[in-house]
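Following: one structure in structure tokens, then a few remarks.
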Amino acid sequence: MAKYTYKALNQQGNETSGTLEAGSENEARSALRAKALYVLKIHVGGEKKSVMVVAKIVLSYLSIKRYKKANTADLVLFFRQIALMLRAGNTLIQAIEAISQMTVKVRFKNALVRILVSIQGGSSFAKAIEKESTMFPPIVSRLVASGEASGELQTILERLAINLGRSADIKRQFIAAMIYPTIVTIVAFGVITFLAMSVVPKFAKMLEGKSSQLPAATQAMMDGSAYMVDNGTIIFSTLGITIFLILAAYTTEKGKTIIDKVLIRTPLIGSAIQSSAMAQTGMTMALLLRSGLTVLETLKVIAHIMPNKSMSACFGLAGEKILSGQSLSVGLNQPLIPHMVQHMAGIGEKSGELDHVMDELGNYFQSQTEARLKAMIAMIEPAMTLLIGGLVGFVYYAFFKAMMQVSAGG
């Protein structure tokens, strides 16, 4: 019998360590599993470690990456790995156990261990995932439950990975498209502030007393600069408080509803949000329908995962209409849902290929989203260039106009 030192997680996901005696490492692992402990590390001997091992452990715990929340890419990889391992003949428990040992992020690793412990305790995979609502989107537990019921869990997970990847692509494109306008806006604001509070006051001091009456453009520039210098604290404080209140309001249900309603009706941005929502709707609906969910269940899931509250409310109302006995095409007759979606839904219902139609619709709106984002950038870019160039040009014009008047003895 040899002495083994172990580190494990209990059913609550808390870390525990200790020693036990066993004939082999496999026997030690079996004994720990019998105690409902999930083994993280186990080795022969006591708990003494070399300086290098301790240093390696300390550095790994200091890594910021370990404590980040699992992102979409992590979830996509997780579902692809499970599907691959199930295809290779592994059991679900073996697959999750192997993946958890390879996972670096602590929060995700602990979530996988809790899922594993729940399954070993008799819970279904779907119920175990549902408990980890902060880590997995609501759509995941619904699809996994459908896969377990139909015996096609592997296929469902592969579809889920593809769907999450495509949704992440749309979101990434939207964020990337907004980066340039945001940076240009910040730069424009910085240029205006610098000119008004640094350059123009020095220019005004230089011209002081040299001319009885300054040109109108120069006087307007100096008056505007003086106002910003005198009231700069109030202006920046008001701006900062306004931004803070908007962000704080967005964390509340009512505030998010109001802001989302404004965003969806904003030119350029609203159309891009609508196309993005329709792309996500088409792809998600196709996935859910192919996974065995009903149209009503599908609409409920979409209403729940839709980021924009105004769009979410539309799908909620569509679900209510279907519940009252109306068709999907009639249910989708909502103000913010394009007529094309209603029309295609009707075609899908009549042909019996609603999942295929919705998938094609999702692909169409994804390309529309990309086109609208490019159009938005194409319009914002020259507008921002004209704004910054116009401000700088106005300052130079006012400056030279005054200098010419002073040099002429005006």
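Derivation of every value follows stated rules applied to the coordinates shown; laboratory data play no part. Computed from a prediction, not measured in an experiment: that's the story for all the values here. Here the Cβ positions follow ideal geometry from the backbone for every residue, glycine too, while neighbour counts run over all protein chains shown.
For the stretch 67-110, the gyration tensor built on C-alpha atoms gives an oblate shape. Its axis ratio a/c (a ≥ b ≥ c) is at least 1.5, and a/b is not larger than b/c. Our summary gives the stretch 302-410 a relative contact order of 12 percent, counting only alpha carbon pairs under 8 angstrom and 6 or more residues apart. Between Lys171 and Ile93, the contour length at 0.36 nm per residue exceeds the Cα-Cα span by 24.8 nm. A Cβ-based charge dipole, computed about the Cα centre of the chain with Lys and Arg at +1 and Asp and Glu at -1, lands at about 1080 debye. Fully extending the segment from His356 to Phe189, taken as 0.36 nm per residue of separation minus the present Cα-Cα distance, adds 55.3 nm.
Long hydrophobic helices in the chain, taken as whole DSSP H segments with a C-alpha length of 24 Å or more on their own axis and mean Kyte-Doolittle hydropathy at least 0.0: 153-194, 216-250, 269-290, 354-407.
Give Lys109/Lys300; Lys171/Lys309; Lys69/Lys127; Lys69/Lys321 a once-over and call out the pairs whose C-alpha atoms are over 26 Å from each other.
Numbers: Lys109/Lys300 30 Å; Lys171/Lys309 16 Å; Lys69/Lys127 21 Å; Lys69/Lys321 38 Å.
Pairs exceeding the cut-off: Lys109/Lys300; Lys69/Lys321.
Across the stretch 173-410, the relative contact order, built from alpha-carbon pairs under 8 Å that are at least six residues apart, equals 28 percent. What GluC sites (Glu not before Pro) in the stretch 323-383 are in a loop by DSSP, with at most 16 other Cβ atoms within 10 Å of the Cβ? Sites meeting the loop and neighbour criteria: Glu353. As a proxy for reagent exposure, Tyr6, Tyr227 were ordered by neighbouring Cβ count within 10 angstrom, fewest first; the result is Tyr227, Tyr6. Given R₀ = 51 Å, what would the calculated FRET efficiency be for Arg33 paired with Glu253, taking r from the Cβ atoms and rounding to 0.05? Once rounded, the FRET efficiency stands at 0.70. Working value for the stretch 67-165: equivalent-ellipsoid semi-axes of 18, 15, 14 Å, each the square root of 5 times a Cα gyration tensor eigenvalue, largest first. Residues Leu40, Leu239, arranged from fewest to most other Cβ atoms within 10 angstrom of their Cβ, appear as Leu239, Leu40. Over the residues of the chain, the helix contribution to mean residue ellipticity at 222 nm works out to -24500 deg cm²/dmol, using -39500 (n - 2.57) for each DSSP H run of at least 4. For the chain, the relative contact order comes to 13 percent (Cα pairs under 8 Å, sequence separation of at least 6).
Considering only Val113, Val229, Val357, the mean-square fluctuation computed in a Gaussian network model of the chain, springs between alpha carbons under 10 angstrom, is largest for Val229. Could you quote the convex hull projected area for the stretch 87-223, Cα atoms only and averaged over all directions, in nm²? Taking a quarter of the hull surface, the average projection is 14.0 nm².
Per residue, the convex hull spanned by the Cα atoms of the chain amounts to 208 cubic angstrom. For Lys3, the aspartates and glutamates whose Cα comes closer than 16 Å to its Cα, not counting residues fewer than 8 places off in the same chain, are Glu21, Glu25, Glu27, Glu47. Rg and Dmax over the alpha-carbon atoms of the stretch 81-132 stand at 10.5, 28 Å.
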